[in-house]
1. When the residues of the stretch 166-188 are narrowed to those that are aromatic (Phe, Trp, Tyr) and without any contact (Cβ under 8 Å) to a residue 12 or more places away in the chain, which ends up farthest from VAL221 (Cα to Cα)?
2. Search the stretch 219-237 for residues that are in the same structural domain as ASP165 (by TED's automatic domain parsing) and pair each with any residue that is surrounded by fewer than 12 Cβ atoms within 10 Å (Cβ to Cβ) and not in a helix (DSSP H, G or I) when their beta-carbon atoms are under 9 Å apart and the residues are at least 6 apart or on different chains.
3. For the stretch 92-115, give me each residue that is in contact with a strand residue (DSSP E or B) (Cβ under 6 Å, 6 or more places away or on another chain) and not basic (Lys, Arg).
4. Identify all residues within the stretch 263-284 that are surrounded by 10 or more Cβ atoms within 10 Å (Cβ to Cβ) and of a type in the set (Gly, Ala, Ser); write none if there are none.
5. Residues that are under 18 Å from ARG261 (Cα atoms) and assigned by TED's automatic domain parsing to the domain that holds ALA123, at least 2 per element: which strands (runs of 3 or more DSSP E) completely within the stretch 1-104 meet that?
6. Does at least one position in the stretch 51-70 carry a residue that is out of contact with any Asp or Glu (no Cβ under 6 Å at 6 or more places or on another chain), of a type in the set (Gly, Ala, Ser) and under 22 Å from GLY264 (Cβ atoms)?
7. Output yes when any residue across the stretch 109-121 is within 30 Å of VAL244 (Cα to Cα), more than 22 Å from the chain's Cα centre (by Cα) and in contact (Cβ under 8 Å) with a residue 12 or more places away in the chain, and no when none is.
8. Can you tell me which residue is farthest from VAL221 (Cα to Cα) among those in the stretch 189-198 that are part of a helix (DSSP H, G or I) and hydrophobic (A, V, I, L, M, F, W, C)?
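The values are calculated or read from the model by the stated rules, or taken from the named source; none is laboratory data. Values in this document were obtained by computation on a predicted structure and should not be read as measured data. Virtual Cβ from ideal backbone geometry, glycine too; neighbours counted across all protein chains shown.
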Amino acid sequence: MATRAEILHGIPLFQFLDQAERETLAADLDATEFAAGHVIFAAGDPGDSMYIVTAGEAEIFFKNNTGDEIILERVGEGGYFGDLSLLDHGSRTASARCVAAVEALRVDRNDLEVLVRAYPQAALDLLGAMAGRVRVNAELLRHTASRNVNDEVADARSAVDQAADWIADFSGSIPFLMIHVVIFFVWIAWNMALSETLRFDAFPFGLLTMVVSLEAIILSVFVLLSQNRQIEKDRVRGEIEYDVNLKAELEIMQLHEKMDRLTGDLLVRLAEIERGVRKVGAKG
């Protein structure tokens, strides 16, 4: 069976430690056991430790926007989990549950402090391992980008789409109305006031009627194109609002689950205290 120091050698976070440093750290580790089905920690819990599985199997999971459980990974013998919270002392980003009875080594921040005090060089080794993980994550992020969906829709507009948006905006403005009032007034006044030889569109102004009809047809097409784009924007906006509301509901559900779990743990502790009090009373 592998020694604790040998187990630590297989963990990326401790791979740069030398043998003496790994043995020093291994001597301070606590062995823990969890029954099958036990939730070791839940997403959002405060965390300052990681676990190295020496026997059994655990699964790391979280709940998506619809409340379904997503299994991130299954950790068996020689695997580890919880290292992120060990490093930044932040809350857990996922939950860990035992698939089978788990035996694990618990590494907490105090263990690292003891190691660094005894071997200051070990701090650089840990930083080197962390830098390697950051480098991998940075390479992954380099190929991705977060974008505003509405900006993407706007940037994807063709020349016709841009023209349709501009025409739709302008056709609903006061300047558009005033320009047509002036044109119609001049057109009608010209063809009513001048002699017949200078008139180009006598009453009942058939040419003007045709021009206005054609303008209305062409303008309606551009307005419909712009409205279709607006409907698409509204659809995207509705999807974003739905995702936000769903996320809020999920967070509330997680809070309820956490409160239920904490209440259950509290009731168990109270029952244990009550039994202890009864035993003391019986002896007295």
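1. Initially, the stretch 166-188 is screened for residues aromatic (Phe, Trp, Tyr), giving 166, 170, 176, 184-185, 187.
Retained after the next criterion (residues that are without any contact (Cβ under 8 Å) to a residue 12 or more places away in the chain): 166, 170, 176, 185.
Working: TRP166: 13, PHE170: 14, PHE176: 17, PHE185: 26 Å.
Looking at residues that are aromatic (Phe, Trp, Tyr) and without any contact (Cβ under 8 Å) to a residue 12 or more places away in the chain, I get PHE185.
2. VAL223/GLY172
3. Answer for the stretch 92-115, where residues must be in contact with a strand residue (DSSP E or B) (Cβ under 6 Å, 6 or more places away or on another chain) and not basic (Lys, Arg): ALA94, SER95, ALA96, CYS98, VAL99, VAL102, GLU103, ALA104, LEU105, VAL107, ASP108.
4. Within the stretch 263-284, GLY264, ALA271, GLY276 qualify.
5. 39-41, 58-63, 95-98
6. The answer is yes; a qualifying residue exists.
7. Scanning the stretch 109-121 turns up no residue that is within 30 Å of VAL244 (Cα to Cα), more than 22 Å from the chain's Cα centre (by Cα) and in contact (Cβ under 8 Å) with a residue 12 or more places away in the chain.
8. Among them, the one singled out is ALA193.
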